[in-house]
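The values are calculated or read from the model by the stated rules, or taken from the named source; none is laboratory data. Predicted model, so just to flag it, every value in this text is computed and none were measured. Virtual Cβ from ideal backbone geometry, glycine too; neighbours counted across all protein chains shown.
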């Protein structure tokens, strides 16, 4: 029988959110002011976005996509980790977190899903091979919070993972923020933690590496002059080729307001896979590299054919440059000094990747700005009406015990509008000499401003956009795209679908380099509205920032494509929410959140 800390089974304890820097008073439920302060502090420090949606950006007018019916290519679909799983991991010694930041990797008969702040390994039928493992436990840290002593461990966020078929090793990366154990206050110390499996079995042992990201001149880092001390390596993402393993971050001042520029870290993949005692790192600062502006969310590519990418294939494409790694980024966001809309797609080339095996690599980073159809910051997503019992409880003075421990000063709360991202680049993949990528954008469909997707297929060696297009669905919003491409050139793009016709659902569409995007298919239909704490003013302040995403994932294994997206997999009424144990709705959620994730496999035989 699983033992959890008192109150953890419904996910309302004090403190319930991480890194407050304040009191650890042992009340059974937090007061409203403490709740807002906790949640706002975490949101302000990590997963940052300087862009604002106060200005309405009208997207290009497009025709709505069709909704497809049943798809015989969808052969497997199962629920991944949900918020209740995350909150109850490690005996309930966790915080409530939104969004999940879902990563997915697959190979050798295993599927590994990682989220904020847990992971789990499945077989290809969706049967769990491990329990839900807290990331603090996985990386050998103390619990996020010890619910008996209130001592805090480091705060872990932004997980991602990758299986490398060439070395038969699993890679997992997170951003870790150091905290004061007694209070949870952030110290400013932060580092990228890199875990590499010691075999092809992800349920076995792993080797852990730590890469300092403060960039304030300490811990061997350069000094980038971030205000108020250390910089922050936010939003890390990973890529790989035949030679290297690459991590990129968005570097902000940790305690200050400014954005400095994306950072690129290049490491020898083979040294990591071999479990070397130490691995050399080459760091590139993109500040000022795009016409005087910084790079922002410079997403590294992975490949459908890792044996060729960075070796045979990209050496040929790279003009004999000794192996080439590619990246893509966008520049509409405020971090890139953008105006909220742009027609630029930035393709980055890291040449001489094969030199990563040398003691002193001779890497060279450059970029090329390509003209594409316009994209802009998308509007918030809409939700279909339905039960939102946490919000309804906040609106009802008689609802007891209230999730915030008292009357809601902001009532009435309403069904939230989830975040639709800020036009930053999402997952990038290299296949058959082409780079594929997508991002969120505003679109006008039947006269309505909606969140949709812009996608691109680029020949990086020629500096040419081979295919581009938009995908949107009338009356609905499509967000957080992730693309995977098989060796035969079959592509699938996963995303979340929500709006007038759908509760937040896991969806996808086929992509073709010549024909563009196909109909929208639903892998798993949402069952109710998002009802998470970041959507309510009582929890995070006014206006709320309803967190969703911040990314999904897609990966190729042979002739299969695995996709993963956030969705809502449960629903319940206010009376069910109030029934004992309060807020759990029969063990399907916690008091504070109801997000879930969905993992699906599509057969894409040519």
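Being outside any loop (DSSP other than H, G, I, E, B), in contact with a strand residue (DSSP E or B) (Cβ under 7 Å, 6 or more places away or on another chain) and farther than 19 Å from residue 171 by Cα is the filter here, so list the residues in the stretch 84-116 that pass it. Walk me through how you get there before you give the answer.
Taking the stretch 84-116 first, the residues outside any loop (DSSP other than H, G, I, E, B) are 84-92, 103-107, 110-115.
With in contact with a strand residue (DSSP E or B) (Cβ under 7 Å, 6 or more places away or on another chain) added as a condition, the list becomes 85-86, 89-90, 103-107, 110-115.
Residues satisfying the conditions are 85, 86, 89, 90.
Only residues that are closer than 30 Å to residue 342 by Cβ and surrounded by fewer than 24 Cβ atoms within 10 Å (Cβ to Cβ): list them for the stretch 377-394, please.
If we filter the stretch 377-394 for residues that are closer than 30 Å to residue 342 by Cβ, which is where we start, we get 377-383.
379, 380, 382, listed by residue number.
Given the conditions (1) more than 22 Å from residue 508 (Cα to Cα); (2) surrounded by fewer than 24 Cβ atoms within 10 Å (Cβ to Cβ), which single one is not true for residue 72?
Failing condition for residue 72: (1).
Out of 397, 361, which single residue is in a loop (DSSP other than H, G, I, E, B), surrounded by fewer than 17 Cβ atoms within 10 Å (Cβ to Cβ) and over 30 Å from the mean Cα position of the chain (by Cα)? Walk me through it before giving the result.
Numbers: 361 fails: surrounded by fewer than 17 Cβ atoms within 10 Å (Cβ to Cβ).
Sole residue among the options that is in a loop (DSSP other than H, G, I, E, B), surrounded by fewer than 17 Cβ atoms within 10 Å (Cβ to Cβ) and over 30 Å from the mean Cα position of the chain (by Cα): 397.
Sort through 489, 499 and tell me the only one that's modelled with pLDDT of 95 or more and at positive phi.
On the way: 489 fails: modelled with pLDDT of 95 or more.
None of the other options fit; the residue is 499.
Would you check if there is a residue in the stretch 186-197 being surrounded by fewer than 23 Cβ atoms within 10 Å (Cβ to Cβ), out of contact with any helix residue (DSSP H, G or I) (no Cβ under 7 Å at 6 or more places or on another chain), touching a residue at least 40 places away in the same chain (Cβ under 8 Å) and not in a strand (DSSP E or B)?
No: the stretch 186-197 contains no residue that is surrounded by fewer than 23 Cβ atoms within 10 Å (Cβ to Cβ), out of contact with any helix residue (DSSP H, G or I) (no Cβ under 7 Å at 6 or more places or on another chain), touching a residue at least 40 places away in the same chain (Cβ under 8 Å) and not in a strand (DSSP E or B).
Give me the residue from the stretch 133-142 that is surrounded by fewer than 20 Cβ atoms within 10 Å (Cβ to Cβ) and touching a strand residue (DSSP E or B) at 6+ places or on another chain (Cβ under 7 Å) and, out of that set, nearest to residue 111 (Cα to Cα).
Taking the candidates together, the pick is 133.
When the stretch 229-243 is examined, which residues are found to be part of a loop (DSSP other than H, G, I, E, B) and free of Cβ contacts under 8 Å to residues at least 60 places away in the same chain?
Selection gives 229, 230.
Got a number for residues in the stretch 554-584 being more than 27 Å from the chain's Cα centre (by Cα) and buried (at least 24 other Cβ atoms within 10 Å of the Cβ)?
1
Select from the stretch 148-160 the residues that are touching a strand residue (DSSP E or B) at 6+ places or on another chain (Cβ under 9 Å) and without any contact (Cβ under 8 Å) to a residue 60 or more places away in the chain and write down the one among them that is farthest from residue 243 (Cα to Cα). Show your work before the answer.
The first filter runs over the stretch 148-160 and keeps only residues touching a strand residue (DSSP E or B) at 6+ places or on another chain (Cβ under 9 Å), leaving 151-160.
Checking the rest, the ones that are also without any contact (Cβ under 8 Å) to a residue 60 or more places away in the chain come to 151, 153-154, 156, 159.
Numbers: 151: 41, 153: 35, 154: 32, 156: 28, 159: 22 Å.
Result: 151.
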